[in-house]
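Novice: The structure follows.
The values are calculated or read from the model by the stated rules, or taken from the named source; none is laboratory data. Since this is a predicted model, take the numbers as computed values, not measurements. Cβ coordinates were reconstructed from backbone atoms using ideal geometry, including for glycine residues, and neighbour counts include every protein chain displayed. Keep in mind that these areas ignore ligands, DNA and RNA; they rest on the heavy atoms of the full protein, side chains included. Shrake-Rupley method; radii C 1.70, N 1.55, O 1.52, S 1.80 Å.
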Amino acid sequence: MSHSDRNALLADFSATGRNHPYLACTLNSLCNLDCVFCKPRCMPDYGHKDHPLSADGYAAIAREAASWKVAKAHCSGGEPTLRRDILDVIAALAAGLGTGSSIGMTTHGNLRRGLTVEHLAGAGLTYLNISLHSLDRGRSAKIMGGGDPDQARDTVNAALSLQLKVKINCVVQRSYLHDAIQVAHLAKDLPVAVRLIELQNIGPASAIFDTEFIPEAEVRPHVQRWLGDAGQVSRADLGVRSPGEYLRPEGWAGSIGFISNSSCATCSDANRIKITPSGVARPCILHNRDIALKPHLADGTLNEAFAHLFRAMLGRDDNPAWQGFHYVDYDLRWDRMERPFGAPVMLPVLSAGSCSSRTGLGEAP
């Protein structure tokens, strides 16, 4: 693809008003914990069944992405810190995207021995998302199948001391609502964005969804005493690109956000290019426009792959479900989730009436 053709495609994308895409790299499917709504060991793709992308592969992908004006990469798993080469991968993404890029990671915060937040920041990490669902050790262990919330909080404190932006992800369950409220209260004294995330009826979470799902509309009254005088924080200020509302109560150091992908989900601003551990890029969950990047890495034709990805994202505008309500984070993280070849993935449509009123939901920050 010529520079002029690429610039024309970028202009077409910009004209849609969407956020510019970022790389959402699932580095592995392994995890040393076993959260009740994730249970990775139950998934058909668990383990290294295919050769994962190498640090060199991520470097090449990031360099190509930078030529398409991509300036952010987010690493997740599994538990990404279990990769022995995690520092090399972060450094590769940071170097490939270049100066000023944003490199993030989602982790449970119980870092393996020998790995520190200082190491991650030194490799190029700029922000950290910590999964924390209860501050009580026993209840946290029941939710996450192990781990220590105190260690996760130590990771939060270490990241803040290094000036990293920090978000805390808390999946809200009916049986653990009080725990989620306690986690949210951390934002009173810490400059973090605590994100209260609705349970989704996908994957292993389907087994508990009917009893444990609690919508945002039921959660809000429990925190309303804090939010009554709260001001809205822009997603740009927080470094957040996903749809949602972030509120900072008066006098608080941090903010509380709602990620309500079951009751209030919209794809109007979905902008992730998901990349599975073995290098399959997934630009859209509603249509199967997946593309394997390894052949393009081998042939030196990543520019053609990215042209396909941008055209696929533009194609969302022709999808009747675009700006509809559905499961934005439908579980396509790993390599062996079933994908109908060349056909749309039709997802359940939820009523917009269950959503609270939001300012700017789905708009570019």
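Novice: When you scan segment 90-101, how many residues do you find that are touching a strand residue (DSSP E or B) at 6+ places or on another chain (Cβ under 7 Å) and either under 14 Å from residue 277 (Cα atoms) or part of a helix (DSSP H, G or I) (or both)?
Specialist: Residues in segment 90-101 being touching a strand residue (DSSP E or B) at 6+ places or on another chain (Cβ under 7 Å) and either under 14 Å from residue 277 (Cα atoms) or part of a helix (DSSP H, G or I) (or both): 4 in total.
Novice: Could you tell me which residue of segment 238-260 is modelled with the lowest pLDDT, considering only residues that are part of a loop (DSSP other than H, G, I, E, B) and open to solvent by 20 Å² or more (accessible area, probe 1.4 Å)?
Specialist: 241
Novice: Suppose we filter 179, 154 for residues that are crowded, with 21+ Cβ neighbours inside 10 Å and part of a helix (DSSP H, G or I); which single one remains?
Specialist: 179
Novice: Right, something else. Can you pull out every residue in segment 79-99 that is within 25 Å of residue 35 (Cα to Cα) and without any contact (Cβ under 8 Å) to a residue 24 or more places away in the chain?
Specialist: 84
Novice: Looking at the structure I just gave you, is residue 177 under 16 Å from residue 219 (Cβ atoms) and touching a residue at least 12 places away in the same chain (Cβ under 8 Å)?
Specialist: Here the answer is yes, as residue 177 does meet what is asked.
Novice: For segment 262-276, how many residues meet the condition of being part of a loop (DSSP other than H, G, I, E, B), modelled with pLDDT of 65 or more and surrounded by 23 or more Cβ atoms within 10 Å (Cβ to Cβ)?
Specialist: Number of matching residues: 4.
Novice: Also, quick follow-up: Take segment 279-306 and flag every residue that is modelled with pLDDT under 95 and not in a loop (DSSP other than H, G, I, E, B). Let's see the steps before the verdict.
Specialist: Looking only at segment 279-306, we keep the residues that are modelled with pLDDT under 95, and these are 279-292.
Within segment 279-306, 280, 281, 282, 287, 291, 292 qualify.
Novice: Checking the structure you have, find out if any residue of segment 99-118 is within 19 Å of the chain's Cα centre (by Cα), more than 25 Å from residue 262 (Cβ to Cβ) and charged (D, E, K, R).
Specialist: No, there is no match, as no residue in segment 99-118 is within 19 Å of the chain's Cα centre (by Cα), more than 25 Å from residue 262 (Cβ to Cβ) and charged (D, E, K, R).
Novice: List the number of the failed condition for residue 58; all other conditions in (1) aromatic (Phe, Trp, Tyr); (2) surrounded by fewer than 22 Cβ atoms within 10 Å (Cβ to Cβ); (3) at pLDDT 95 or above; (4) under 22 Å from residue 308 (Cα atoms) hold.
Specialist: The one condition residue 58 does not meet is (2).
Novice: Exactly one condition in (1) assigned to a helix (DSSP H, G or I); (2) of a type outside the set (S, T, N, Q); (3) modelled with pLDDT under 95 is false for residue 49; which is it?
Specialist: Single failed check for residue 49: (1).
Novice: Just to be sure, is residue 168 within 18 Å of residue 257 (Cα to Cα), open to solvent by less than 40 Å² (accessible area, probe 1.4 Å), assigned to a strand (DSSP E or B) and modelled with pLDDT under 95? Steps first, answer last, please.
Specialist: On the way: within 18 Å of residue 257 (Cα to Cα): yes; open to solvent by less than 40 Å² (accessible area, probe 1.4 Å): yes; assigned to a strand (DSSP E or B): yes; modelled with pLDDT under 95: no.
The answer is no for residue 168.
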